[in-house]
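The values are calculated or read from the model by the stated rules, or taken from the named source; none is laboratory data. Small disclaimer: the values here were computed from a predicted structure and weren't measured. Backbone-built Cβ (ideal geometry, glycine too); neighbour counts: all protein chains shown.
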């Protein structure tokens, strides 16, 4: 077992493990650590804890020190410079007539590098912009193009559920989300209901997908012909999580319905009714565009 602490460089952001050495460090303390990008100012999110060495990506670096008042002052000065650089860079972007949107500026704690994150529809020739910024700040300048999901993650916000956006609170990486997931979970295919603040399909569609896939593997599809105690019928509706199906039967008086547990029916022919109305087709076409942009 190895003694570790977990730190985060910004919120939202991934938690990284470091060796605290002989220090006992409380959650909420700030520390200076060495990374591949140079020295960084970070907040301790996980206090001293023992962890199985097999779960740790080696080598585990030691913290340089617990942040001092001087470090805190320097960090605040850097943040002020970031704000000023954001305004100045936007001015330069207009001067060079570049079709890009600046999202954030990040100035490394040791002042070795300044990063400018931006979004754009295509490739941008920003070489002249880099020269201008480097002549002003006398440090290494990097411009990094990011996607709209990353943009929203950096800006922050709340989702339609009322909670802080998942990407701003705990998601470390973006996973692929598809229309198929919404279909299989019987969620409305209205774009406004399943699109996030970024305009892409909501990340939370992924959370329960494995459960739905497992249950769907046991269930007949809508339109399937099944054998029941009442005889043969057609599946009219499926309750995925409850593993129940509503079966339609026909007699001399017309149609009637009865609900069954999936274990009480036998699938004779598993066909699916793929008919969609005009509104559903329009929604699907719009969602496919969002999926392609993902």
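General observations
- Taking segment 175-193 as the range and being under 20 Å from residue 239 (Cβ atoms) and in contact with a strand residue (DSSP E or B) (Cβ under 7 Å, 6 or more places away or on another chain) as the test, no residue passes.
- Check on residue 155, touching a residue at least 24 places away in the same chain (Cβ under 8 Å), within 30 Å of residue 98 (Cα to Cα) and surrounded by 13 or more Cβ atoms within 10 Å (Cβ to Cβ): yes
- Complete set of residues in segment 166-182 that are surrounded by 13 or more Cβ atoms within 10 Å (Cβ to Cβ) and free of Cβ contacts under 8 Å to residues at least 60 places away in the same chain: 166, 174, 181
- Of all the numbered requirements in (1) modelled with pLDDT under 95; (2) closer than 30 Å to residue 147 by Cβ; (3) surrounded by 12 or more Cβ atoms within 10 Å (Cβ to Cβ), residue 89 misses one, and that requirement is (1).
- The condition (being under 21 Å from residue 170 (Cβ atoms), loosely packed, with under 15 Cβ neighbours inside 10 Å, at pLDDT below 85 and not assigned by TED's automatic domain parsing to the domain that holds residue 108) is satisfied by just one residue among 55, 27: 55.
- Some residue of segment 264-279 being loosely packed, with under 15 Cβ neighbours inside 10 Å, in a strand (DSSP E or B) and either at pLDDT 90 or above or in contact with a helix residue (DSSP H, G or I) (Cβ under 7 Å, 6 or more places away or on another chain) (or both): yes
- Test: residue in segment 9-16 that is on the phi > 0 side of the Ramachandran plot, assigned to a strand (DSSP E or B) and in contact with a strand residue (DSSP E or B) (Cβ under 9 Å, 6 or more places away or on another chain): no
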